[in-house]
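Student: To start, I am sharing the structure in question, which I have written as C-alpha cells.
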Amino acid sequence: MASPLDDLLVIEIDNWMASPSAGAILADLGARVIKIEPPTGDPMRNMGRAPKIDSPLKAVDFQFDVDNRGKESLIVDLTSEAGIKVVHTLCASAHIFMCNLLLPRQQKYALDPETLFKINPTLVHATLTGYGTSGPDAWRPGYDVTAFFGRSGLYDAMREGDDGIVPQARPAQGDHTTGLAFVAGILAALRQAERSGTGQTIETSLYETAVWTQASDYATTAMDAAPVRRRARPNMLTPTANRYPCGDGKWVVFNMPGAGQWVDFCRALDLDHWLEEEKYATPKGRYDHMPELTAGIDAALANRSRDEWGKIFDAAGLIWGPVLGLHEVPGDPQAEAINLFPRISDHPAGEYRTVGIPMRFGQTAVGPTGTAPALGEHSERILAEFGCDPDVLISPKGP
C-alpha cells in the first residue's frame, strides 16, 4: 500500500535540528524531501557524538542522520541569482516549502511567502523560528535551550525546590517536540490549500511550542501570574505521586495522585503499620508529614532491586514506571514490541538502528526509507530532473 504522503514534494532550507526533524518525519511518511544546503553543508553535519563502538559504523554521523534520513541533498548558493532561480524552479513544482530562516533572510533571498506564492499559488509556506516572525524578538536566533527551555519558563519550573539549580536539557528535546508541532501545522495547511486552491502560510516556534507543553500550568498561571511552586521530593503533594530510589540505585516513579490506593501502596511496600497511624489517615495528614514519609519509603525500597519491586507493584495494581537510563531503552521489551528503534540497512558501513517517529499506521508501513544523504549527493540528478542549468552545480566544501 502507498505511503501516506508519497505524492508530495517538499523543499527544505534549514539547519540544526528542529525544522530538519520535521522534514525527516515527512520523509518517513513517504514525502520526497529535497534538502537544500550551502556548499559547506548544514552545520549540524559531524557535530554529533561518535558512538562508542568498534566497527565501521563508528564513523556514521547518527545524530545528523536521525533528522535527515530519507532526504535528497542539493547544494545551492543562495547568494547568487542562479542559485535563487534553482530554488524557485523547484518550488514551482513543490507542495511544501519549509525553512527556519528569519523573515528578513527570507526576503533577502526571495524566499518569503509573497514571492513564492507568485511562483506557486497553492504552495504551503512553512516557517519555524525561535520566537516567531513578529514582535520585539522576531530577529533573535533561538535554540531549544534558550527559547524552548529558558524563555518559556520550563527550566525554572523544573528546578528541584525553590533553591534548586537550573537543570540541563538533553540534546534537541525542544527541537524534536517543536518538529512534531511543525509537521501538524504543515499538514493542516496542506489540507487547507487543497480545499481553497490558494497558498497557505504556517509558522511555529520553539518558544510557543514550549509554552503549549506547559499548558496545564499556564491555564492557571496566565490568569493569576503567580509563580509556580517548585516541589522537591520531600514536599510533594502525596507520597503516592513521587519518585524513589530502589536498593540497586535505580529509580521508580509513581503516579497515583488520588487517595484511593494508599492502602495498596503501604501493603505492597511492607509498610502496613502506617495504616494504623492516625496522622497518616487523611490526604492532608500525609501532606503535612511528607518529609518523614518520603524518608520511610526510601528506606523500605532500599530492601530490594527495581526489578524485584516492579513485580510486587504490578501484582498490587500500582501505577508506576521504571526510570530507565537512556542506554536501557533500546533493549526495553516494550520498545522492541512497537519497533521504537527501526533498522536502516542501506548504509555502506552496514545496518544500524535509528529512532522511529512516534506514530504507526494500521494499514501501511511508515518509517525510515534510507540513510541521510551525503552533502550534495543528489545535486547533479536534481538539476537535470528539473531542467536547471548544470553550470550552477557546486562541489561540497564541508569536512
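The values are calculated or read from the model by the stated rules, or taken from the named source; none is laboratory data. Keep in mind that what you see is a predicted model, and the values were worked out from it rather than measured. No Cβ is skipped: glycine too gets one built from the backbone with ideal geometry, and neighbour counts run over all protein chains shown.
Student: Which of the following residues is of a type outside the set (Lys, Arg), under 29 Å from GLU385 (Cα atoms) and free of Cβ contacts under 8 Å to residues at least 60 places away in the same chain: VAL33, VAL66? Outline the logic, then answer.
Tutor: Details: VAL66 fails: free of Cβ contacts under 8 Å to residues at least 60 places away in the same chain.
After ruling out the rest, the residue left standing is VAL33.
Student: Here is a follow-up. Looking only at residues in segment 376-395 that are among the small types (Gly, Ala, Ser) and either surrounded by fewer than 16 Cβ atoms within 10 Å (Cβ to Cβ) or not in a helix (DSSP H, G or I) (or both), which one is modelled with the lowest pLDDT? Lay out the reasoning, then the answer.
Tutor: To start, the set of residues in segment 376-395 that are among the small types (Gly, Ala, Ser) comprises 376, 379, 384, 387, 395.
When the remaining residues are screened for being either surrounded by fewer than 16 Cβ atoms within 10 Å (Cβ to Cβ) or not in a helix (DSSP H, G or I) (or both), the result is 376, 384, 387, 395.
On the way: GLY376: 95, ALA384: 96, GLY387: 95, SER395: 89.
Looking at the filtered set, the residue picked out is SER395.
Student: A further question follows. Filter the helices (runs of 4 or more DSSP H) completely within segment 241-356 down to those with at least 3 residues that are more than 32 Å from the chain's Cα centre (by Cα) and not polar (S, T, N, Q).
Tutor: Values: elements: 262-268, 283-288, 290-301, 306-316, 333-337.
Hits in segment 241-356: 262-268, 283-288, 290-301, 306-316.
Student: Scan segment 148-166 for residues that are surrounded by 14 or more Cβ atoms within 10 Å (Cβ to Cβ) and out of contact with any Gly (no Cβ under 9 Å at 6 or more places or on another chain) and jot them down.
Tutor: If we filter segment 148-166 for residues that are surrounded by 14 or more Cβ atoms within 10 Å (Cβ to Cβ), which is where we start, we get 148-159.
Hits for segment 148-166 are GLY150, GLY153, TYR155, ALA157, ARG159.
To keep it simple, each residue is scored yes or no on (1) out of contact with any helix residue (DSSP H, G or I) (no Cβ under 9 Å at 6 or more places or on another chain); (2) in contact (Cβ under 8 Å) with a residue 40 or more places away in the chain; (3) closer than 22 Å to ARG231 by Cβ.
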{"residue": "PHE265", "(1), (2), (3)": "no, yes, yes"}
{"residue": "GLU276", "(1), (2), (3)": "yes, no, no"}
{"residue": "TYR280", "(1), (2), (3)": "no, no, yes"}
{"residue": "PRO283", "(1), (2), (3)": "no, yes, yes"}
{"residue": "ARG286", "(1), (2), (3)": "no, yes, yes"}
{"residue": "THR294", "(1), (2), (3)": "no, yes, yes"}
{"residue": "ASP314", "(1), (2), (3)": "yes, no, no"}
{"residue": "ILE319", "(1), (2), (3)": "no, yes, yes"}
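Student: Something else: Please give the helices (runs of 4 or more DSSP H) falling wholly within segment 48-156 in which 2 or more residues are farther than 29 Å from VAL355 by Cα. Step through it out loud before you land on a result.
Tutor: Values: elements: 62-68, 81-93, 103-108, 113-119.
Output list reads 81-93, 103-108, 113-119.
Student: In segment 84-117, which residues are closer than 16 Å to ILE34 by Cα and either at pLDDT below 95 or within 25 Å of the chain's Cα centre (by Cα) (or both)? Let's see the steps before the verdict.
Tutor: Step one: of segment 84-117, the residues closer than 16 Å to ILE34 by Cα are 84-100, 111.
Selection gives HIS95, ILE96, PHE97, MET98, CYS99, ASN100.
Residues checked against (1) of a type in the set (A, V, I, L, M); (2) free of Cβ contacts under 8 Å to residues at least 24 places away in the same chain; (3) surrounded by fewer than 20 Cβ atoms within 10 Å (Cβ to Cβ):
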site: GLY83; (1), (2), (3): no, no, yes
site: VAL86; (1), (2), (3): yes, no, no
site: THR89; (1), (2), (3): no, no, yes
site: PRO104; (1), (2), (3): no, no, yes
site: GLU114; (1), (2), (3): no, yes, yes
site: LEU128; (1), (2), (3): yes, no, no
site: ALA172; (1), (2), (3): yes, no, no
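Student: Next question, about the same structure. Test ALA189 against the stated conditions and say whether it is assigned by TED's automatic domain parsing to the domain that holds ILE119 and either exposed (fewer than 15 other Cβ atoms within 10 Å of the Cβ) or in contact with a helix residue (DSSP H, G or I) (Cβ under 8 Å, 6 or more places away or on another chain) (or both).
Tutor: Working: assigned by TED's automatic domain parsing to the domain that holds ILE119: yes; either exposed (fewer than 15 other Cβ atoms within 10 Å of the Cβ) or in contact with a helix residue (DSSP H, G or I) (Cβ under 8 Å, 6 or more places away or on another chain) (or both): no.
In short, no.
Student: While we're on this one: Among the residues of segment 295-315, which ones are surrounded by 16 or more Cβ atoms within 10 Å (Cβ to Cβ) and aliphatic (A, V, I, L, M)?
Tutor: Those that are surrounded by 16 or more Cβ atoms within 10 Å (Cβ to Cβ) and aliphatic (A, V, I, L, M): ILE297, ALA300, LEU301.
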